[in-house]
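The values are calculated or read from the model by the stated rules, or taken from the named source; none is laboratory data. Note that the structure is predicted; figures quoted are calculated from it, not measured. We place every Cβ from the backbone using ideal geometry, glycine too, and count neighbours over all the protein chains shown. Quick note on the areas: whole protein, heavy atoms, side chains included, nothing else; ligands and nucleic acids left out. Shrake-Rupley method; radii C 1.70, N 1.55, O 1.52, S 1.80 Å.
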Amino acid sequence: VQIRIENLRMNLSDGQFLTISDLKIEPGDVLGIKSESPRKAQVLMDILYGLREPEMGIVEVDENYSFGEISRVSWRKQVTLARGVQLFSGTIFESLSCGNPSIHAGEIREVLREVGILDEILKLPDGIHHEIKFHGANLDRNLVLKLNLAKALVQNPRLVLIDEILDFLDEEFAI
């Protein structure tokens, strides 16, 4: 996905503004956003995911479409937002696949390998079919956060937005 942001401005309602004069993200780019205010980064993620409309400015996708011209339902099929803990009760497989019947166990295992936790998951009593509690309450916090990343990646989106999760992982973790 190519994204271009120009003259974006958003009032954060606490006296702060999110302002981006010019930003272009090319396919394959990895972009880290560091801000003096976590709220600014969160609002930018909301805009890129389609949860908010900027008050001013242009947000274009693939040089052809303004965000205003794209169906939010269609956009969210192409983009995933990993924020907080979004695991539900059931098996690891069910939580990561979100009930999508087109996602197979092999795909889940491959993403778990990419995130670096396949061996750890396979050591659990039932592997990827291990039962987890809501928000992964019965698992280690680092494992839960990495599962949340895996959940975002298994959908094979065109754009992955990761909000704050990396801040809470151990320093050895790298994608």
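What to note about this one:
- No other residue among L18, L81, L23 is in a strand (DSSP E or B) and closer than 25 Å to D140 by Cβ apart from L81.
- Test: residue in the range 28-50 that is more than 18 Å from P157 (Cα to Cα) and either acidic (D, E) or touching a Pro at 6+ places or on another chain (Cβ under 8 Å) (or both): yes
- Taken together, the residues in the range 52-79 that are surrounded by 14 or more Cβ atoms within 10 Å (Cβ to Cβ) and free of Cβ contacts under 8 Å to residues at least 24 places away in the same chain amount to 2.
- In the range 124-136, the residues that are in a loop (DSSP other than H, G, I, E, B) and either among the β-branched types (V, I, T) or under 20 Å from the mean Cα position of the chain (by Cα) (or both): none
- Sole exception among (1) open to solvent by 30 Å² or more (accessible area, probe 1.4 Å); (2) at negative phi; (3) without any contact (Cβ under 8 Å) to a residue 24 or more places away in the chain for G99, by number: (2)
- Test: M45 is modelled with pLDDT of 85 or more and either β-branched (V, I, T) or surrounded by 17 or more Cβ atoms within 10 Å (Cβ to Cβ) (or both): yes
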